[in-house]
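Undergrad: First the structure, then my questions, so here it is.
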Amino acid sequence: MTHAHYIDGHWVAGEGAELITVFDPSLGQPFAEFMASSTAQVDQAIAAARRALPAWRNISASERAAYLRGFAEQIEQRRESLIALQMQNNGKPHHEAVVDIDDAVSTFTYYAGLAEGLADQQRREVALSVPGFTSHTRLEPVGVVGLIVPWNFPLVTSAWKLAPALAAGCTVVLKPSEITPLIEQTYGHIAEALGLPAGVLNIVGGKAETGAALSNHPGINKLSFTGSNAVGGQVMRSSAAHCRPVTLELGGKSAIVVFDDCDLDQAVEWIVAGICWNAGQMCSATSRLLVQDNIADTLTERLKVALEKLRVGNPLTGEVDMGPLTSQAQWNKVNEYFAIARAEGLHCAAGGDVLPDLGWFVCPTLYTDVPLNSRLWSEEIFGPVLCSHRFSSEEQALSLANDSRFGLVATVISADLERAERVANTLEVGHVWINSIQAVFVETSWGGTKGSGIGRELGPWGLSAYQSVKHVTRCLG
Ligand code: NAD
């Protein structure tokens, strides 16, 4: 594959210095490669987005909505190939790849609906307390936006940014992760198939250098970033240097709080899904299990059985519950945490090691009674590694759950709904699930408190992130 970058309506070969190699993590083998885009090509992409902005922001929002519905339809048409690509490049089990497709389709459909309603929201009169004036509101696109995304849910994280940005009337330069770049190239092919005006959507591929060229560029009006806290900090510094807005969706170390009145079998299912979905490579992984002390031993026994029963393997050669980690770097990182756990003398109830297969597989893992000063208790591992700790009271559970520099999500499991609601209200996070799997609905918000980020995606908040509020005030005199 040579022409990997979509700039100003054309597919072009990368002119950067770095070779991007795309791997199948189940085999640890490369299956595609291309040259990264150069800094000059990032300039060209931003210039194209600037040229396209006046026309795109001025067409009716319902015309933009028609393109978004086209994106949803085209993703549907490419469903099978996108499922296969996610299985090959991310190592996702088939059923998880399907969920990602459905999520992307519903995101484009939802923002098409919001775009259709935009016209009614323009020219909204504002009631003023002083006579002699009128004022109305306009919601305008923020302008050219840079979108930088990670590799764990490539189709989805891009859809969560792309759909509302296009709906709002922004033009876009998207930089996918160098680990899973082919999946988002599909959005370029869809733009081409739909006849989306040149420059409205541009896609540049590459590593940190390409991302930095985009986030440091004076020609963008906003940067929306999903990824690690380390890079998020750099992106925020570049935005600060230009005094421009930024949305950051960063890491997590989320708690799942299990009270002793729960249905244990159901709890096990939700706990396992919260740490093993996408092989634990989820910003929202509920990787800290807080369990009420009188059920802790029984729950540990059941979790051990459930984790050891999971079918871990290559999703392309058989039905599996969990695939490999998506990159060798991630596999090395999780392996390092296994070594730290051994050095810290943690009690390992299940797993605790890599699997001796060809690709980048690790065992679903449970460490119990993990001390609060353990690195595994506080740091984001981004793998199927669950750490548990006991609590004796609701107050203690809350204090342990909130004792984190992150604040993305949490899950509460209890038969006492009043208590569950009370706990949910006190958790310092952006989303709480009560007695539920991690169901994410496009109508609800996504984003964190504390070190998990700034701003919200999805729902109407996801659209607002790409809108600028203007008021037009007139003296009636
Ligand atoms: P990462 O920060 O390494 O990379 C994210 C993106 O930033 C990639 O496209 C990468 O090429 C680019 N990048 C790297 N260096 C850059 C630089 N100096 N300037 C600009 N861009 C640069 O993250 P990752 O390993 O791809 O993803 C894992 C992280 O993402 C985890 O911490 C996870 O929690 C987080 N994440 C958060 C959410 C959320 O919604 N909060 C969702 C998914 C992932």
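Undergrad: Give me the angle, in degrees from 0 to 90, between the Cα long axis of helix 229-241 and the longest principal axis of the Cα atoms of the chain, rounded to the nearest 10.
TA: 20 degrees
Undergrad: Sticking with this structure for a sec: Near the amide H of residue 199, under 5 Å away, which other amide H atoms are found, from residues 5 or more places off or on another chain, if H is placed in the peptide plane?
TA: Here 8, 9 satisfy the definition.
Undergrad: To continue, here is another question. For residue 434, list long-range residues whose amide hydrogen, built 1.01 Å from N in the peptide plane, is under 5 Å from its own amide hydrogen.
TA: Under 5 Å from the amide H of residue 434 lie the amide H atoms of 412, each far enough along the sequence or on another chain.
Undergrad: Starting with the highest mean, order 146-155, 409-418 by the number of other Cβ atoms within 10 Å, averaged over the residues of each peptide.
TA: Working: 146-155: 25.7, 409-418: 20.0.
Listed from highest to lowest mean packing, they are 146-155, 409-418.
Undergrad: Still on this structure: Based on Cβ point charges of +1 for Lys and Arg and -1 for Asp and Glu, what charge dipole magnitude is obtained for region 255-441 about its Cα centre, in debye rounded to the nearest 20?
TA: Numbers: 12 positive and 25 negative charges, 116 e Å.
So the magnitude is around 560 debye.
Undergrad: Sticking with this one: Grab the beta carbon distance between residue 378 and residue 128, set R0 = 60 Å, and tell me the FRET efficiency rounded to 0.05. Numbers along the way, then the final one.
TA: On the way: r = 51 Å, r/R0 = 0.84.
It comes out at approximately 0.75.
Undergrad: Among 236, 322, which comes first, second and so on when ranked by fewest other beta-carbon atoms within 10 Å? Before the final figure, lay out each step's value.
TA: Values: 236 19, 322 26.
Ordered from fewest to most neighbouring Cβ atoms within 10 Å, 236, 322 come out as 236, 322.
Undergrad: If each residue's Cβ is checked for other Cβ atoms within 10 Å, how do 365, 39, 444, 317 rank with the fewest at the top? Don't skip to the end; give the middle numbers.
TA: On the way: 365 26, 39 19, 444 13, 317 9.
Starting with the residue having the fewest Cβ neighbours, the order is 317, 444, 39, 365.
Undergrad: Set the Förster distance to 25 Å, then compute FRET efficiency between residue 60 and residue 10 from the Cβ-Cβ distance, nearest 0.05.
TA: 0.40
Undergrad: A follow-up question, please. For region 255-441, report the translational diffusion coefficient in µm²/s to the nearest whole number, using Stokes-Einstein at 20 °C, 1.002 mPa s, and a Kirkwood Rh over Cα pairs.
TA: Numbers: Rh = 16.5 Å.
The estimated diffusion coefficient comes to 130 µm²/s.
Undergrad: Antiparallel as a % of all DSSP beta bridges within the chain, to the nearest 5? Intermediate values should be presented prior to the final figure.
TA: Details: 30 of 67 bridges.
DSSP beta bridges in the chain are roughly 45 percent antiparallel.
Undergrad: Given axes a ≥ b ≥ c from the Cα gyration tensor, I'd like to know whether the chain is rounded (a/c under 1.5), prolate (a/b larger than b/c) or oblate. The partial results should precede the final answer.
TA: Numbers: a/c = 2.04, a/b = 1.35, b/c = 1.51.
Here the chain falls in the oblate category.
Undergrad: Restricting things to alpha carbons, find the Rg to Rh ratio for region 154-259 using the Kirkwood radius for Rh. Don't jump to the answer; show the numbers that get you there.
TA: On the way: Rg = 15.1 Å, Rh = 15.0 Å.
Reported Rg/Rh (Cα atoms, Kirkwood Rh): 1.01.
Undergrad: With the crude spin-label approximation of a point 7 Å out along Cα→Cβ, what separation in nm comes out for residue 73 versus residue 192?
TA: Output for this residue pair reads 2.0 nm.
Undergrad: For the Cα atoms of the chain, what angle does the longest principal axis make with the long axis of helix 296-309, in degrees from 0 to 90, nearest 10?
TA: Tilt of helix 296-309: around 70 degrees.
Undergrad: According to the square roots a ≥ b ≥ c of the eigenvalues of the Cα gyration tensor, what is the shape class of region 273-334, taking rounded for a/c under 1.5, prolate for a/b larger than b/c otherwise, and oblate for the remainder? Write out the running numbers ahead of the final one.
TA: Details: a/c = 2.77, a/b = 1.60, b/c = 1.73.
Judged from the Cα gyration tensor, region 273-334 comes out oblate (a/c at least 1.5, b/c at or above a/b).
Undergrad: While we're looking at this one, here's another question. Taking H placed 1.01 Å from N in the peptide plane, check which residues at least 5 places from residue 386 or on another chain put their amide H under 5 Å from its amide H.
TA: Counting only residues 5 or more places away or on other chains, the set is 365, 366, 367.
Undergrad: Tally the DSSP beta bridges in region 255-441 and give the antiparallel ones as a percent, rounded to 5. Working shown, then result.
TA: Values: 4 of 25 bridges.
Among the beta bridges of region 255-441, antiparallel pairing accounts for roughly 15 percent.
Undergrad: Can you give the Kirkwood hydrodynamic radius of region 382-477 from its Cα pairs, in Å with one decimal?
TA: Working: mean 1/r = 0.0628 Å⁻¹.
Hydrodynamic radius (Kirkwood, Cα only) of region 382-477 equals 15.9 Å.
Undergrad: Additional query: Where Lys and Arg each count +1 and Asp and Glu each count -1, what net charge lies around residue 323 among other residues with Cβ under 14 Å from its Cβ?
TA: Details: positive: 92, 311; negative: 24, 96, 100, 319, 321, 357.
It works out to a net charge of -4.
Undergrad: Let me ask something else. By counting other Cβ atoms within 10 Å of each Cβ, how are 287, 228, 239 ranked from fewest to most?
TA: On the way: 287 25, 228 15, 239 22.
Listed from fewest to most nearby Cβ atoms, that is 228, 239, 287.
Undergrad: Can you list the HN-Hα couplings for region 351-356, worked out from phi with the Karplus curve (6.51, -1.76, 1.60; θ = phi - 60°), rounded to whole Hz and with x for Gly and Pro?
TA: Karplus-based 3J(HN,Hα) across region 351-356 equals x, x, 7, 7, 9, x Hz.
Taken together, the values in this text are just the output of simple stated rules run on the coordinates, not laboratory data. From a predicted model like this one, the values you see are computed outputs, not experimental measurements. For neighbour counting, all protein chains shown are included, and Cβ atoms are generated from backbone atoms with ideal geometry for every residue, glycine included.
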